[in-house]
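The values are calculated or read from the model by the stated rules, or taken from the named source; none is laboratory data. As the structure is a computational prediction, the values presented were derived from the model and not from experiment. Here Cβ is always computed from backbone atoms with ideal geometry, including for glycine, and neighbour counts include all displayed protein chains. Surface accessibility is based on the protein's heavy atoms, side chains included, excluding ligands, DNA and RNA. Shrake-Rupley method; radii C 1.70, N 1.55, O 1.52, S 1.80 Å.
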Amino acid sequence: MSATIADVAAVRVPERSWRSEGRAVRVVWRRDLIRFADDPRMILTWMLQPLLFLFVLGPGLQSLAAGSTDGVDLTTFMFPGVICMALVFSAIFSAASLVWDRELGFMREMMVAPVSRWSIIVGKCLGGTTIAVSQGVIVLALAGLVHVPYDPMLLLGVFGLQLLIAFAVTAFGVMVATSITRAQTFTSVVQMLVMPMIFLSGALYPVSGLPAWLGVLNRLNPLTYAVDPLRRLVFDHLDIAESSRRTLAPGVTWWGWRVPTFIEVGIVLALGMAMLTVAMRQFSRTE
Amino acid sequence: MPAVMPSTPPAIEVEALGKTYGEVEAVAGVSFTVASGEVFGFLGPNGAGKTTTINMLCTLARPTSGTARVNGFDVASERGDVRRHIGLVFQDPSLDGYLTAAQNLRMHAELYGIDGRVVPDRMRQMLEMVDLWDRRDQRVQTFSGGMRRRLEIARGLLHSPRVLFLDEPTIGLDPQTRSAIWRYIGALREAEGTTIFMTTHYMDEAELCDRVAIMDRGQIVVLDTPEALKASITSVTVASPTMDDVFMRYTGSTVRDTDTSSAADGNRELARVVVKASR
């Protein structure tokens with residue numbers, strides 16, 4: 001072993017600038033992608049639950065629901081909800097890497113680098129969004145199996161909504177991750193919040209004609225405004241009777257007023273930005 | 001003292017630096033200066049406030065009183081500039097185990113904005129120095145504790161920091177790795193004039209420092225060259241004292257709790273008396 005460094009390559013660390021922040025965002029983003037791509041088992045684990053709902057629970061409940069779906073397959077109905085579910089799971093699990101980074105020590109490497117903490121959070125959100133959308137796209141590719149046509153406009157629209165939802169949910173996960181110090185706490189908080197949010201969002205059943213208390217919780221649930229535009233977009237491209245469209249994809253109403261898509265999208269985007277801001281602030285605190 | 005140029009400003013200047021967590025005074029106003037190119041040892045029992053001091057110097061904690069400048073930049077108001085000029089090796093690992101050694105270093109280079117044209121050469125030099133060049137494409141997960149520490153050192157040096165902070169860099173390592181780490185430190189100082197600020201519990205390592213500060217209960221009880229410290233406690237009973245003797249003499253022989261809550265009490269007064277007596 002020789003510990004001499006002859007003719008060492010001269011290195012200079014430049015002053016902080018927009019370029020260095022851009023680099024930091026890219027580093028954090030790419031790191032998430034490398035880790036994701038290196039572990040295909042992880043992809044399979046994340047896909048399992050949504051697919052279980054779509055291809056096991058859906059057909060299983062079909063016989064019960066057959067009378068009330070006007071001939072529309074239950075799996076077709078659940079499809080947009082399951083896309084949303086896949087996005088939520090993978091976005092939250094990507095955000096959890098922030099907690100693991102802290103627990104395993106890597107966080108410190110990022111904390112002492114000459115870059116803004118904000119860039120790290122933005123990079124994390126981009127990484128989570130990319131990973132979640134890639135999962136969403138896989139589910140979307142299965143559209144044909146549940147009688148949803150491969151219409152280019154439909155695919156494009158769903159892709160756009162997926163980007164939005166994945167970003168907002170990642171921002172939510174990152175916000176929780178920045179306010180929590182132990183990985184275990186993160187898991188339990190997420191379990192306490194995520195499944196109720198999915199069930200209350202109408203991902204798996206129509207939101208018209210719910211009992212009053214359930215209806216209120218449904219309207220208060222941010223995820224409702226992510227599932228609804230997805231479902232209506234899918235149903236706009238189905239060849240079915242107008243009456244079944246009204247029953248199965250009635251849209252979200254506030255005191256009888258149907259909330260237009262742009263407001264729903266606006267709600268999801270605004271919440272995503274707000275949670276991103278909270279996460280940035282929390283992460284920038286120095287003790 | 002080797003490699004200290006009279007014209008270069010000090011690498012670290014600390015003035016009455018203090019940190020309070022609620023009621024607990026972890027660091028109670030310390031002052032010292034580390035010259036450029038110096039190897040500075042920072043000693044003290046567990047819970048003495050060493051790590052808190054390092055955290056303040058490398059911008060991970062905000063001082064509640066006093067000031068500190070690293071490479072001429074204020075640690076509170078010029079944090080970005082401080083971070084550009086320092087490298088860190090912590091006692092807890094901070095590598096990404098899922099990535100390979102090379103990926104870890106490349107990510108670091110990019111985070112620090114190092115010119116992409118020099119990165120491959122620099123990376124190779126650092127990895128060769130710590131004898132990990134052959135393992136560069138293996139995941140860090142598969143590395144032993146000693147290999148990880150060596151990789152951390154390579155990474156901490158990748159961006160050519162002016163000051164390298166080492167928080168117990170040799171803890172839990174076998175003697176071979178420990179001595180290798182000291183060889184890197186020597187080589188580095190020679191090649192780039194890097195200032196080393198390190199904490200250690202090994203008194204034989206303290207001997208290798210240019211100067212040593214001993215911290216206890218949030219204060220620096222004594223600061224001098226190892227030789228002068230040993231000379232200061234030479235007496236009829238202890239004819240040729242070791243650094244162990246020095247350490248025990250200045251920090252007492254009772255075992256401490258790691259928490260610092262009992263710090264700000266009468267013992268500090270005692271420590272002051274000891275310092276005065278030693279001068």
* Relative contact order (percent, whole number), the stretch B:198-256, Cα cutoff 8 Å, 6+ residue spacing -> 27 percent
* **Shape parameters for the stretch A:213-287, alpha-carbon atoms, Rg then Dmax in Å** => 16.5, 61
* Which value does Rg/Rh take for chain A over its C-alpha atoms, Rh per Kirkwood? -> 1.06
* Which semi-axes, in whole Å and largest first, does the equivalent ellipsoid of the protein assembly as shown have when worked out from the alpha carbon gyration tensor as the square roots of 5 times its eigenvalues? -> 58, 25, 19
* **Cα-based shape type of the stretch B:66-121, given that a ≥ b ≥ c are square roots of the gyration tensor eigenvalues and the cut on a/c is 1.5** => oblate
* Asked: Per-residue accessible area for A:ASP151 at 1.4 Å probe radius, Å² rounded to 10?
  -> 50 Å²
* Asked: What is the diffusion coefficient of the stretch B:1-156 in µm²/s, taking the Kirkwood radius over Cα pairs and the Stokes-Einstein relation at 25 °C with a viscosity of 0.890 mPa s?
  -> 141 µm²/s
* Normalised contact order of the stretch A:1-143, rounded percent, pairs of Cα under 8 Å and 6 or more residues apart -> 38 percent
* Taking every Cα atom in the stretch A:168-227, find the radius of gyration and the maximum pairwise distance Dmax, and write them in Å. => 13.3, 41
* Sorting A:ASP70, B:ASP81 by accessible area (1.4 Å probe), largest first, what list results? -> A:ASP70, B:ASP81
* To do: Taking the Cβ of A:HIS147 as the centre, find all other residues whose Cβ is under 11 Å away and add up their charges (Lys, Arg: +1; Asp, Glu: -1).
  => -2
* Averaged across the residues of A:125-134, what count of C-beta atoms belonging to other chains lies within 10 Å of each residue's C-beta? -> 0
* Roughly how big is the stretch A:19-69's charge dipole about its Cα centre, with Cβ charges of +1 (Lys, Arg) and -1 (Asp, Glu), in debye to the nearest 20? -> 360 debye
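With the contact rule set at Cα under 8 Å and sequence spacing of 6 or more, what percent relative contact order holds for chain A?
Details: 341 pairs, mean separation 67.8, N = 287.
Relative contact order comes out at 24 percent.
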* Structure fact -> Expressed in angstrom and rounded, the centroid-to-centroid distance over alpha carbons for the stretch B:7-40 and the stretch B:45-121 is 16 Å
* To do: Mind checking which of B:ILE171, B:TRP182, B:SER160 is farthest towards the positive end of the stretch B:152-196's charge dipole, using Cβ charges of +1 (Lys, Arg) and -1 (Asp, Glu) about the Cα centre?
  => B:SER160
* Asked: What is the gain in length, in nm to one decimal, between A:ASP239 and A:ALA270 on full extension, counting 0.36 nm per residue of separation less the C-alpha to C-alpha distance?
  -> 7.8 nm
* Structure fact -> Karplus-derived 3J(HN,Hα) from phi for the stretch B:197-212 (6.51 cos²θ - 1.76 cosθ + 1.60, θ = phi - 60°), whole Hz, x at Gly and Pro, runs 10, 9, 9, 7, 9, 8, 6, 5, 6, 4, 4, 7, 7, 5, 9, 10
* Asked: With the Cα gyration tensor of the stretch A:70-202 giving a ≥ b ≥ c as the square roots of its eigenvalues, does the rule (a/c under 1.5 for rounded; else a/b larger than b/c for prolate; else oblate) give rounded, prolate or oblate?
  -> prolate
* What percentages, rounded to whole numbers, describe P(r) for the stretch A:35-137 computed over all alpha carbon pairs with 5 Å bin width beginning at zero? -> 2, 11, 18, 17, 14, 11, 9, 6, 5, 4, 2, 1, 0
* Each residue of the stretch A:144-152 in turn: what ³J(HN,Hα) in whole Hz from Karplus with 6.51, -1.76, 1.60 and θ = phi - 60°, glycine and Pro shown as x? -> x, 5, 10, 6, 9, x, 7, 7, x
* Grab the beta carbon distance between A:LEU163 and A:VAL216, set R0 = 25 Å, and tell me the FRET efficiency rounded to 0.05. => 0.25
* B:SER31 label point, 7 Å along Cα→Cβ, cut-off 16 Å on backbone N: hits in the stretch B:189-222? -> B:219-222
* **At 0.890 mPa s and 25 °C, Stokes D of chain B from Kirkwood alpha-carbon radius, µm² per second** => 125 µm²/s
* Virtual paramagnetic centre 7 Å along Cα→Cβ of B:VAL238, amide N under 19 Å, in the stretch B:194-216 -> B:200-209, B:211-216
* Asked: Separation between the A:SER63 and B:GLU78 pseudo-spin-labels, each 7 Å from Cα along Cα→Cβ, expressed in nm?
  -> 7.7 nm
